[in-house]
Amino acid sequence: MSIRPARPDEAAALSDLALRSKAVWGYDADFLERCRAELTLHPEQIVPWRAHVADEAGVIVGFFTVKGSPPEGELDSLYVAPSALRRGVGRALLEAARTLARREGFRALSIHADPHAESFYLRQGATRAGDAPSCSIPGRMLPLLRLAITE
């Protein structure tokens, strides 16, 4: 597996992967449809959002995006294809996001985590910073995490 910058022509594939990844938590079709706009990447967002993909022999098995400007940014997306879960893809993507953030001068990344993914981020060194409202589901609160970027 290699991690590389995403290409603008991969935006639709990444959007589809995000929805498939979100679905593994058992959300119903209505919930996923309400999340579709938030999980959709557009070609013009790929470069400024620093999108990177995990690539296995030409197949995208995960991706992340880092938004914002130093010193504080946001890990806006980190999704792994259902077929690649529990194989270290998420950890590798998070480490690549940390490396990118460190190289670009970030001191921390905030994460609006899916409640089912919170424990993953906590195991990887993130800390709970509070709660944040969902951008897709009115009234739903998400764990707000902070990932310190150390030297």
*1.4 Å probe accessible area per residue over region 110-151, in Å²*: 55 Å²
_Whole-number D in µm²/s for the chain (Stokes-Einstein; Kirkwood sum over Cα pairs; 20 °C, 1.002 mPa s)_ = 138 µm²/s
*Could you please state how large a percent of the accessible area of the chain is carbon and sulfur, counting protein chains only and using a 1.4 Å probe?*
53 percent
_Using 0.36 nm times the number of residues separating Arg140 and Ser119, minus their current alpha carbon distance, what extension gain do you get?_
5.7 nm
*asked:* So for region 32-151, averaging the separation of alpha carbon pairs under 8 Å that are six or more residues apart and normalising by length, what relative contact order in percent results?
replied: 21 percent
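The values are calculated or read from the model by the stated rules, or taken from the named source; none is laboratory data. The model shown is predicted, which means the values in this text are computed figures rather than measured ones. We work out accessible area using only protein heavy atoms, side chains counted, and drop any ligands, DNA or RNA first. Shrake-Rupley method; radii C 1.70, N 1.55, O 1.52, S 1.80 Å.
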